[in-house]
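The structure's right below; bear with me while I get my questions together.
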Amino acid sequence: MPFYPAPVRDVQPAAGPGVVACRCCPVGVSRSRRARGYPSDMSEAEWAVCEPLLPTPAWRAGRGGRPASWCMRDVADAIRYLTHSGPVWRALPADFPPAGTVYWWLDRWQADGSAERMHGDLRERIRLAAGRTSAPR
Ligand SMILES: [Zn+2]
């Protein structure tokens, strides 16, 4: 069972093993090539729930720029690794994006409210999956 249970209707089916939709990547499919072995790594179903909660990349929205060098799935997995294993930024394993890149994206997602929205959405999904109301009364 995924850590963040999602209603089946919200999960995009994978086009194949390791093939997941991703708006940050040029062809719309995650270009991450990391072997996912850490307990904190997201499954394809978890990424399918979390990816739409991140802001649309500027280049994809027609506001200029270019695709980021790293897939946001790798950045999100790095943040989860740090929160799961302890925030030793300089000890971030080499298969993740550089710690400075991960920190830059975390800071941006906190500043633009994406982290808060993701937390709220996932909390609501967990509460509903547990048969509770979407928010505490
Ligand atoms: Zn991507």
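Throughout, read-outs are computed from the coordinates displayed, never taken from laboratory work. The shown structure was predicted, so the numbers you read here are calculated from the model rather than taken from an experiment. Note that we place each Cβ from the backbone using ideal geometry, even for glycine, and neighbour counts take in every protein chain shown.
Taking only the alpha-carbon atoms of the range 97-137, what semi-axes of the equivalent ellipsoid follow from 5 times the gyration tensor eigenvalues under a square root, in whole Å, largest first?
Calculated on Cα positions only, the semi-axes equal 29, 11, 5 Å.
Under a point spin-label approximation (7 Å from Cα along Cα-to-Cβ), what is the ARG63-VAL19 distance to one decimal in nm?
Here the modelled spin labels are 3.1 nm apart.
When the helices in the chain are scored as -39500 (n - 2.57) per DSSP H run of 4 or longer and the sum is shared across all residues, what 222 nm value do you end up with, to the nearest 500 deg cm²/dmol?
-11500 deg cm²/dmol
Out of all Cα-Cα pairs in the range 8-129, roughly what percent, to the nearest whole number, are more than 25 Å apart? Don't skip to the end; give the middle numbers.
Working: 1557 of 7381 pairs.
Above the 25 Å cut-off, the range 8-129 has 21 percent of its Cα pairs.
If you plug each phi of the range 86-103 into the Karplus form 6.51 cos²θ - 1.76 cosθ + 1.60 with θ = phi - 60°, what whole-Hz ³J(HN,Hα) values come out, in order, with x for Gly and Pro?
So the J values, rounded to whole Hz, are x, x, 9, 4, 6, 9, 4, x, 5, 7, 8, x, x, 4, x, 5, 4, 4.
Take the Cα of ALA35, step 7 Å along the line toward its Cβ, and report every residue of the range 84-104 whose backbone nitrogen sits under 20 Å from that point.
Counting backbone N atoms under 20 Å from the label point, the list is 92-98.
Turning to a different aspect of this structure: Quick one: putting +1 on the C-beta of Lys and Arg, -1 on the C-beta of Asp and Glu, what dipole do you get for the range 8-129 around its Cα centre, in Debye to the nearest 20?
240 debye
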